[in-house]
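Let me begin by presenting the structure, written as structure tokens, before commenting on it.
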Amino acid sequence: MVNFIASRLLSALVVVLGVSCIVFLFIHMIPGDPVEVMLGESARPADREALREALGLNLPVLQQLQHYYAGLIQLDLGHSLHSSRPVLDLLIERIPATVELALASLIVAVIIAFPLGTIAAVRQHTLWDQGAMGFALIGVSIPNFVMGPLLILLFSVTLAWLPVSGREGFASLLLPAMTLGSALAAVLSRMVRASLLEVLSEDYVRTARAKGLSEWRVVWGHGVRNALLPVVTLLGLQLGVLLGGAVITETIFSWPGIGQLTIEAIQRRDYPVLQACVLLISLVYVVVNTLTDLAYGWLDPRIRLGEG
Amino acid sequence: MIAKHLLWLVLLPWLFGLSACGSPPPEGLRFAIASAPVTLDPRFATDATSARINRLIYQRLIDFDSANRAIPALANWQQLDERHYRFQLLGEPVFHNGEPLQASDVLATYQSVLNPATASPHRAALKLIESMAVIDSRTIDFHLNRVDPLFPDYLVIGIVPGELLAAQHPFNTQPLGSGPFQFIAWPEEGRLQLKRLSDQRPITFLRVKDPTVRALKLLNGEVDLLQNNLPAEIVQHLAEQGMQVERRAGSNFSYLGFNFEDPVTGQQVVREAIAYALDRESIIHYVFAGGARLATSLLPPSHWAGHPDLTPYPYDPDRARERLASIGVDREHPLTLSYKTSNDPFRIRLATVIQQQLGEVGIKVNIQSYDWGTFYGDIKKGGFQMYSLAWVGIKTPDIYRYVFHSDAVPPNGANRGRYVDPVVDRLIEQAESAASQQARIAAYRALQEQVFNSLPYVPLWYEDHLSVARPEISGYLLSSDGNYDGLIYVQRH
């Protein structure tokens, strides 16, 4: 297991370094000049050059990359070109909001998807199945920028139960979490259904039934746990997506997360912030995928055999 | 089991703790804005939101009247000779820390802006300052390296305490000025809290990017007031729901710009055809719901140097077709043009309407929308045939040199269309060196006529400013440049 974890962590490190390098080079290739954004069009060429020099933007790109990695080793992500604030502070400010929203969305998705997918599988080809999958189809089909305002209209404007937007307490978390969670629940419930149907047709389930176990114990004890593998994979990937920032949902609900910070950094050509955001997102993906791999081993002991 | 307890340990403070944080005091006012301020340091503020909020926190030497003439704010002035101005502080201005605002603070502020190490974006506009000298605690002299009768108009930087400047105080996050509002907190980018000094009433600026959500927050009572950046349909809905809608004519100038180095848009006849083919009155009526005025020039007619007698190009598709026919363009042989714009949904909507109207006269338009950085980069490089943009917050007529003089091709200015007209160059220089105000006005009017006729821009409209407030809010006065000074007087009943 130790070798397994070590090899995973090593490959994760290579991926993160590779991604940060590619992103660094790509960002410097896209059109738009941060010095123009900071000084405006009317600035004198001499002032532009002075600022470019002060920011280190006059150096060859490879040298800038070298400085970037040197800073990275000391956890110095530089300063925002836009607000002059340390990038690390900006990230630390935004991460709690993103984590809150990601976890809450995941909880909403799991609460909806597991019962829905299980009912659909156990009651296959009945109205229950069709109803649950119909719900899933609607959930997948409605984009967040439609679902968000619809939920606001219902819960905030019509019923006046929840705030429209902002991050002002638990109540303000519910609508963005429902918006993100419902779309994820739709995908997840279909996955739970398909996976559970496959497992329920296995010989060992037939054996469990032949032993006289109740249907409840057959489904929950033998079916659901074994059906979890692909579901956990999907959950892991989706958690990566959610932690990377849900740009549209964050914008609709004025949720001050990583997604909004990334988009703003792109619009402002704020290289250090953008690099840090992408690095964080790739780090999240790698960590989540590594944890997913490790969860495999926990859920299915046969996978651990692979380590020899 | 342990995991379950840990989960509760994480969730409980979150459930109970967070629900109390962030809500403004009940007597406070909440103002929704589309974008957060970038900096609260007046030496660096260039975006509209930062400039408007900085006006509340800091005072500046001069301000502008309704015709955009410079008027005293912190100080009045005398022109002692062509290159020598003396400013004298008015009243007894005091910083929010209780220290008096003195001439030495003015000196320190402007010295800091002019210091290349500060990298202030305002340095370029003030490069004509040769030297400054404090005469006494209330008087400061400015000596210029060239004659510029508009010099007082440039002194709009908020004054910061010199002592704190020397101590490298972080004004961008902890502003300290002498304006009507004092800084309280900026706990997150999208939430800024100020206090109105006249009655100690807190005001919270909340960033809500999405216009629909901004309107819904107003309806739901989560904000009290908002200003601009709302589609006409939403404004109408808010009015129907009993919200107070106020409008005021604005001076932000929207236009279509052309590339003079392009073989198609470089032709006067093509630009004229476009000017005649656009039904701008219908666009204002249907897309803006009447919330804009036809424009003829970069400066509005109410500006002291504006031209009140220019008549907008009429909507005349037949004349547009005639112009195009003269270069062999008709329905069978259409002209194809690319039209660059930003990816803002409203700008794309306008571009689509313009595309349809130009299509009617035989000009096939390909809309290319990009994110702001890419779009702006292309425009500056001259990588376009036609584009649309707006000039925001124009106060002084020296904008004509910056935009239309042949020396002002980027990076030396904003002559993005590479427009070269010796008559325009001469008129700009004539206006700048005019001996009297009357002569200056006459030169600027002649200049505007020349630009209007040669069409480096097709003038579109000046968008109105708009505020929407809940019924219990009163006293918010909209300004012609869209600033937030109305917050000085606003009340809740």
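What are the residue pairs meeting all of these: first residue in the range A:89-111, first residue touching a residue at least 12 places away in the same chain (Cβ under 8 Å) and facing chain B (nearest Cβ under 10 Å), second residue not charged (D, E, K, R) and not in a helix (DSSP H, G or I), Cβ atoms under 8 Å, and 6 or more apart or on different chains?
Taking only residues 6 or more apart or on different chains, the pairs are A:90/A:80; A:90/A:83; A:93/A:256; A:94/A:256; A:94/A:257; A:97/A:255; A:97/A:256; A:97/A:257.
What are the residue pairs meeting all of these: first residue in the range B:156-168, first residue touching a residue at least 12 places away in the same chain (Cβ under 8 Å) and assigned to a helix (DSSP H, G or I), second residue of a type in the set (S, T, N, Q) and surrounded by fewer than 17 Cβ atoms within 10 Å (Cβ to Cβ), Cβ atoms under 7 Å, and 6 or more apart or on different chains?
B:162/B:104
If residue B:116 satisfies every condition in (1) closer than 25 Å to residue B:45 by Cα; (2) buried (at least 17 other Cβ atoms within 10 Å of the Cβ) but one, which is the exception?
For residue B:116, the failing item is (2).
Looking only at strands (runs of 3 or more DSSP E) that lie completely in the range B:175-278, which have at least 2 residues being away from chain A (no Cβ under 13 Å) and of a type in the set (A, V, I, L, M, F, W, C)? Quick ask: steps written out before the conclusion?
On the way: elements: B:181-188, B:191-196, B:201-207, B:225-227, B:244-258.
Of the strands (runs of 3 or more DSSP E) lying wholly inside the range B:175-278, those with at least 2 residues that are away from chain A (no Cβ under 13 Å) and of a type in the set (A, V, I, L, M, F, W, C) span B:181-188, B:244-258.
What's the number of the only condition in (1) among the small types (Gly, Ala, Ser); (2) touching a residue at least 40 places away in the same chain (Cβ under 8 Å); (3) in contact with a Pro (Cβ under 9 Å, 6 or more places away or on another chain); (4) within 14 Å of another protein chain (Cβ to nearest Cβ) that residue B:373 fails to meet?
(2)
How about the range B:265-296: which of its residues are in contact with a helix residue (DSSP H, G or I) (Cβ under 6 Å, 6 or more places away or on another chain) and over 30 Å from residue B:233 (Cβ atoms)?
Of everything in the range B:265-296, those that are in contact with a helix residue (DSSP H, G or I) (Cβ under 6 Å, 6 or more places away or on another chain) and over 30 Å from residue B:233 (Cβ atoms) turn out to be B:269, B:272, B:273.
Among (1) in contact with a strand residue (DSSP E or B) (Cβ under 6 Å, 6 or more places away or on another chain); (2) within 14 Å of chain A (Cβ to nearest Cβ), which single condition is residue B:121 missing?
Going through the list (1) in contact with a strand residue (DSSP E or B) (Cβ under 6 Å, 6 or more places away or on another chain); (2) within 14 Å of chain A (Cβ to nearest Cβ), residue B:121 breaks only (1).
Do we find a residue being free of Cβ contacts under 8 Å to residues at least 40 places away in the same chain, out of contact with any Pro (no Cβ under 8 Å at 6 or more places or on another chain) and among the hydroxyl-bearing types (Ser, Thr, Tyr) anywhere in the range B:323-330?
no
Need at least 3 residues that are touching a residue at least 12 places away in the same chain (Cβ under 8 Å) and of a type outside the set (Asp, Glu) per element, so show me which strands (runs of 3 or more DSSP E) inside the range B:64-103 make the cut, counting only ones lying wholly within it. If you could, list the steps in order and put the result at the bottom.
On the way: elements: B:70-72, B:75-81, B:84-89.
Counting at least 3 such residues, we get B:75-81, B:84-89.
Only one of B:400, B:387 is of a type outside the set (A, V, I, L, M, F, W, C) and either more than 14 Å from every other protein chain (Cβ to nearest Cβ) or surrounded by fewer than 22 Cβ atoms within 10 Å (Cβ to Cβ) (or both). Can you tell me which? Give the derivation first.
On the way: B:400 fails: either more than 14 Å from every other protein chain (Cβ to nearest Cβ) or surrounded by fewer than 22 Cβ atoms within 10 Å (Cβ to Cβ) (or both).
So the residue among B:400, B:387 that is of a type outside the set (A, V, I, L, M, F, W, C) and either more than 14 Å from every other protein chain (Cβ to nearest Cβ) or surrounded by fewer than 22 Cβ atoms within 10 Å (Cβ to Cβ) (or both) is B:387.
Have a look at B:312, B:317, B:301, B:345 and point out the one that is under 26 Å from residue B:287 (Cα atoms) and exposed (fewer than 13 other Cβ atoms within 10 Å of the Cβ). Please lay out each step first, then the result.
On the way: B:312 fails: exposed (fewer than 13 other Cβ atoms within 10 Å of the Cβ); B:317 fails: exposed (fewer than 13 other Cβ atoms within 10 Å of the Cβ); B:301 fails: exposed (fewer than 13 other Cβ atoms within 10 Å of the Cβ).
Answer to the check: B:345.
Laboratory data are not the source of any read-out in this text; all were calculated from the coordinates shown. Not measured: the values here are computed from a predicted model. Backbone-built Cβ (ideal geometry, glycine too); neighbour counts: all protein chains shown.
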